[in-house]
Amino acid sequence: MSERITGHTELIGLMAYPIRHSSSPAMQNEAFAALGIDYAYLAFEIDENEIEDAVKAIRTLKMRGSNVSMPNKTLVGKYLDELSPASKLTGSVNTIVNDNGHLTGYVTDGIGFMSALKDNNIDPIGKKMTIVGAGGAATAVEIQAALDGVAEMSIFNIRDKFFPNGEETARKINEQTNCKATFYDLADTKKLKEEMDSSYIFVNGTGAGMKPLEDVSVVPDKSYFRPELIVVDVPYSPLCTKMRKMAKEVGCKTMNGLGMMLFQGSAAFELWTGKPMPIEHMKKVLNINYDD
């Protein structure tokens, strides 16, 4: 890293809390180095009380941009100059691009998720998905999956501050896509099992299973899984969450969040640099295995 830092090196950030566990800095910096791009990517632990000042810093320091993760994805948009159509639809931002002080927010999570499924030979198009989550990442996945052609979607969430967002997401999907979406309270575990039993794929789109929630699972026990169900985590640290361990015991094909991380990062990389990320090189260097 130090050998390629110059007086012209442009800075890109990652703003979230917690975030020190993230693989994104290693991924993005390796991609910059592989293509000879004079950028550096650093992680900053920024929570919802600091995000406004952090956005001001992007302008002040003339950073090229930043990624944004929990808990800031649904909060940061109001501090930006412009939002992409997908960001407006989802109410979420995970990528900021600074064009001479004009900050535009994008959301690449959904694109990353669907690209990772395709790369792992998983095809939910025309089928049913059950997903838990109503925050920024989950909403992006839900909207993109509906736009891409998932036929039916059951969305669950606990009664937290994101619960109304889940209801709104289901409404948007029903009104603006050809997907049929229904929203449920995650406390209704009987309904959760019913919906999982009739689904092709089940997705945990929450932070459950991720540090510091390693002992938490959105699914109560392994009786909810059947061998034919594909089970996918958005979290990737730790790689194998409590939920995926249960699913593996039943014989499900499972997938960690590394693929989504890689492909959403690739989309952001291209927004900042105008060049495609060298995907196969990155998978080899980072030793990305979706089923770890």
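General remarks:
- At a probe radius of 1.4 angstrom, the accessible area of the chain per residue rounds to 43 square angstrom.
- As a size descriptor, the averaged projected area of the C-alpha convex hull of region 6-68 was calculated at 4.2 nm².
- Each Lys and Arg adds +1 at its Cβ and each Asp and Glu adds -1 at its Cβ; summed about the Cα centre, region 61-215 shows a dipole of about 240 debye.
- Cα Rg, Dmax (largest Cα-Cα span) when computed across region 59-140, Å: 14.4, 47
- Note that the chain carries a Kirkwood radius of 19.2 Å, evaluated over its alpha carbons pair by pair.
- Helices in the chain, meaning DSSP H runs of at least 4 residues, each add -39500 (n - 2.57). Divided by all residues, the mean residue ellipticity at 222 nm is -11000 deg cm²/dmol.
- Taking packing as the residue-averaged number of other Cβ atoms within 10 angstrom, the listed peptides 264-271, 237-244, 36-43 run from highest to lowest as 264-271, 237-244, 36-43.
- Whole-Å distance, taken between Cα centres, linking region 148-180 and region 210-225: 22
- Accessible surface of Asp215 - all protein chains present, 1.4 Å probe, nearest 10 Å²: 130
- For the residue pairs Lys222/Lys242; Lys78/Lys180; Lys128/Lys180; Lys161/Lys242; Lys127/Lys193, the C-alpha atoms sit more than 21 angstrom apart in Lys78/Lys180; Lys161/Lys242.
- Carbon-plus-sulfur accessible fraction, region 1-117 (probe radius 1.4 Å, protein heavy atoms only): 52%.
- For Gln264, neighbours were defined as the other residues whose beta-carbon sits under 12 Å from its Cβ, and their charges (Lys and Arg +1, Asp and Glu -1) total -1.
- Calculated SAXS-style log₁₀ I(q)/I(0) at q = 0.18, 0.23 Å⁻¹ - region 216-256, Debye, Cα scatterers: -0.40, -0.65
- Net charge contributed by nearby residues that have their C-beta within less than 14 Å of Pro278 (K/R +1, D/E -1): 0
- Tilt relative to the chain, helix 258-273 - C-alpha long axis, 0 to 90 degrees, to 10: 30
The values are calculated or read from the model by the stated rules, or taken from the named source; none is laboratory data. What you see is a predicted model, and the numbers here were worked out from it, not measured in a lab. Here the Cβ is made from the backbone with ideal geometry for all residues, glycine too, and neighbour counts use every protein chain on show. Side chains included, ligands, DNA and RNA excluded: accessible areas come from the protein's heavy atoms. Shrake-Rupley method; radii C 1.70, N 1.55, O 1.52, S 1.80 Å.
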